[in-house]
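Reviewing the structure listed below.
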2 protein chains.
Amino acid sequence: MKLSNIVTIALDAMGGDYAPACVVEGAEILLRRYNNVRFIFFGDRNKIDQLFQIHQTVEAFSEIVHTDVLVAPHDKPSVALRRGSKSSMRLAIDAVKEGRADCVVSAGNTGALMAMSKMVFKTLPGISRPAIAALVPTIKGDCVLLDLGANVESNANELVQFAIMGDAFAKTVLSLQSPKIGLLNVGSEELKGHDEVKEASAILRNTELGLNFYGFVEGNDIGNGTVDVVVTDGFTGNIALKTAEGIGKMVSTYVANAFKSSFFAKIGYLLAKPAMASLRKTLDPRRRNGAMFLGLSEIAIKSHGSADGYSYYFALKVAVEVVSNRINDKILEELKLSLG
Amino acid sequence: MKLSNIVTIALDAMGGDYAPACVVEGAEILLRRYNNVRFIFFGDRNKIDQLFQIHQTVEAFSEIVHTDVLVAPHDKPSVALRRGSKSSMRLAIDAVKEGRADCVVSAGNTGALMAMSKMVFKTLPGISRPAIAALVPTIKGDCVLLDLGANVESNANELVQFAIMGDAFAKTVLSLQSPKIGLLNVGSEELKGHDEVKEASAILRNTELGLNFYGFVEGNDIGNGTVDVVVTDGFTGNIALKTAEGIGKMVSTYVANAFKSSFFAKIGYLLAKPAMASLRKTLDPRRRNGAMFLGLSEIAIKSHGSADGYSYYFALKVAVEVVSNRINDKILEELKLSLG
């Protein structure tokens, strides 16, 4: 890891539905807000150069490493690992490993990005498996949800590691001093649920861990903002996150349709428009883009595949914040405490 | 099971936060819409009699079986089983077993109701474990989600049984000819997810089952209404349902706050009020009350514990519909086909 204050981001310029445009546009928005960031774009030099004509500030803080090879959205992770050694994704990962960049950001194939990052970076000492963490809106602000699908099953120790990593992520990205940690379960009573969550709860109750452990939370506690970090296995976390997205979209669609349903409702909409625009901004999923692969020895951030430039900016912002705040040092410190 | 067209409902009159009032009020609403229903109220005769003074139509179609004993909301299922043999919940269950009623409805302790119904009714031949099913709103209407927590883990065969039972429930309660069945997973590709869901998918692809199997669905497909029946294990289903409830509530709260945020927004709200009222009715969770314990040899319906009379009516409605449509015959028929 570089030790200067400059944060250098290795960008998989070819990953994502709107790549490379979304990547260059995201970088430009980031440069308006941070003066200490630099980029290495990995991908098709011609396409990137063309975009640099329009986004000249980005060009001034960037270099390009050309490659024709890319990981396709539906490539199997194993195939990407075998054949993707010259891909834009892999070269960006290698740049971090070799110390030329502080982190990698990609909107490409999630499975391939995870497989490659895991192989190249390895996990942090004391962490058995990485977890994917991201922000979810609640009535009280955002909370961190993990794991979102890096693992389909997790044992108690792994869940405890997720709690430690989620704690560090919430401290960094949500600027919280002592995030409240909850373990997702089917009831708040200690006797309910899988053996794994019961055992993890028993370990987390051990106050030496230094975590602010709330106990079990249920699905509705996510939207209620009961805790700042919701810990679960990757199968459940992925389904909870996507269920939340789907229901959020459903309610928004119903509200939009209601506003169109009569003449008076339409006038009402015009009057309430600024308030609704502000609400839309609050709930805009683009503002929560940027999932972190926690538990690897280097920083890898996954942008949503369908991100536009605005959304990509938020993934870059997460990258800058976790690098600047040395999230891996925080995790290692907390692991040491918990083992001590 | 009684063979007349009259549907007799055994009511745990003491179960629920607002019992027995919610039970009597729900019964009255049901009587306005169905002329073939009768009730047996199990519980405190004095309290029920007092309510009958106000709701005399209910009295005309009801009998009361007095008991002082009740299952408390936080009694462990094992305790309820041991000590609750004279409880309103248990007497209502026994009435169904003895053929004096066609189904039982309770808003009491879910775990106790499940444990008692399972012990008294037993599972249908061919069903290893019961599952809890209920309706969830989608952008295209309602869908059936199961299991909601009867089991924390399920193997492939059990998931297949849930699919068969969910199919019968959707045919009955949503009046669908050929409901589309989806299996909840973390991705739509066949290679993702737990072994159990992959194996269940392979069995369900067997066309002889006669189910309209769509394949894997993800969390966001619930709100999108991609399928009519979403099948999963009880741990995941419980968390998906409650996550959906929490996010729905969160978005509604944000919308309500937006309407209060400025003078113009308030005027806008007044103009859009009828449209919003109609929307609120569409999404009203009370209208989806009534979870069925599928796979038992008799019909048991669980009302939400916090149900008011209006909400309780919907649980009673589910009871009448599944009894009238002989849902257990449908399940047995489909099981026979699948084994044949």
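The values are calculated or read from the model by the stated rules, or taken from the named source; none is laboratory data. Given the structure is predicted, the values throughout are model-derived calculations rather than measurements. Cβ coordinates were reconstructed from backbone atoms using ideal geometry, including for glycine residues, and neighbour counts include every protein chain displayed. In case anyone asks, the SASA skips ligands and DNA or RNA and just uses the protein heavy atoms, side chains included. Shrake-Rupley method; radii C 1.70, N 1.55, O 1.52, S 1.80 Å.
Taken about its Cα centre, segment A:1-135 carries a charge dipole of roughly 580 debye when the Cβ of each Lys and Arg holds +1 and the Cβ of each Asp and Glu holds -1.
Where Lys and Arg each count +1 and Asp and Glu each count -1, what net charge lies around residue A:141 among other residues with Cβ under 15 Å from its Cβ?
Values: positive: A:140, A:171, A:180, A:281, A:287, A:288; negative: A:142, A:221, A:228, A:284.
Local net charge: +2.
Rounded if a/c is under 1.5, else prolate if a/b beats b/c, else oblate: with a ≥ b ≥ c from the C-alpha gyration tensor eigenvalues square-rooted, which is chain A? Verdict is oblate for chain A.
Pull up the DSSP beta bridges for the protein assembly as shown and report the antiparallel fraction as a percent, rounded to 5. Within the protein assembly as shown, antiparallel bridges account for around 30 percent of the total. Normalised by the number of residues in chain B, the mean separation of alpha-carbon contacts (under 8 Å, six or more apart) gives a relative contact order of 23 percent. With springs only between Cα atoms under 10 Å, which of B:232, B:253, B:282 fluctuates most in a Gaussian network model of chain B? Looking only at B:232, B:253, B:282, the largest GNM fluctuation is found for B:253.
Both chains summed, the buried accessible area for B and A stands near 4700 Å², from protein heavy atoms and a 1.4 Å probe. In segment B:260-278, burial by the other protein chains removes 20 Å² or more of 1.4 Å probe accessible surface, compared with the chain on its own, from B:264, B:265, B:268, B:271, B:272, B:275, B:276.
Going by a ≥ b ≥ c, the root eigenvalues of the Cα gyration tensor, does the protein assembly as shown fall in the rounded group (a/c under 1.5), the prolate group (a/b larger than b/c) or the oblate group? If you can, show how the numbers build up before the last one.
Values: a/c = 2.09, a/b = 1.83, b/c = 1.14.
In terms of gyration-tensor shape, prolate.
As a fraction of the 1.4 Å probe accessible area of chain A, surface on carbon and sulfur atoms comes out at 52 percent. Our estimate of slack between residue B:155 and residue B:281, defined as 0.36 nm per intervening residue step minus the Cα-Cα distance, is 41.6 nm.
Using a Gaussian network model on chain B with a 10 Å cutoff between Cα atoms, which of B:302, B:140, B:198 fluctuates the most? Highest fluctuation of the listed residues: B:140. Take the Cα of residue B:56, step 7 Å toward its Cβ, do the same at residue B:38, and the gap between the two points is 2.2 nm. Taken per residue, the accessible surface of segment A:198-340 reaches 40 Å², heavy atoms only and a 1.4 Å probe. Seen through its C-alpha gyration tensor, with square-root eigenvalues sorted a ≥ b ≥ c, segment A:80-143 comes out prolate because a/c lies at 1.5 or above while a/b is bigger than b/c.
Helices of chain B meeting both criteria, an alpha-carbon length of 24 angstrom or more along the long axis and an average Kyte-Doolittle score not below -0.5, with helices taken as full DSSP H segments, are B:156-173, B:234-259, B:263-283.
Please give the charge dipole size of chain B, origin at the Cα centre, charges +1 on K and R Cβ atoms and -1 on D and E Cβ atoms. Round to the nearest 20 debye.
In debye, rounded to 20, chain B gives about 820.
In this structure, the pairs whose alpha-carbon distance is over 21 Å, taken from A:180/A:242; A:76/B:192; B:97/B:122; B:122/B:317; A:97/A:242; A:97/A:336, are A:180/A:242; B:122/B:317; A:97/A:242; A:97/A:336. Pairs of Cα atoms nearer than 8 Å and 6+ residues apart set the relative contact order; for segment B:202-339 it is 20 percent.
Where the only charges are on Cβ atoms (+1 Lys, Arg; -1 Asp, Glu), what is the dipole of segment B:75-234 about its Cα centre, to the nearest 20 debye? Each step should come with its number before you reach the end.
Working: 16 positive and 19 negative charges, 179 e Å.
I would put it at about 860 debye.
Computed over chain A with a Gaussian network model linking Cα atoms closer than 10 Å, the most mobile of A:267, A:40, A:93 is A:267.
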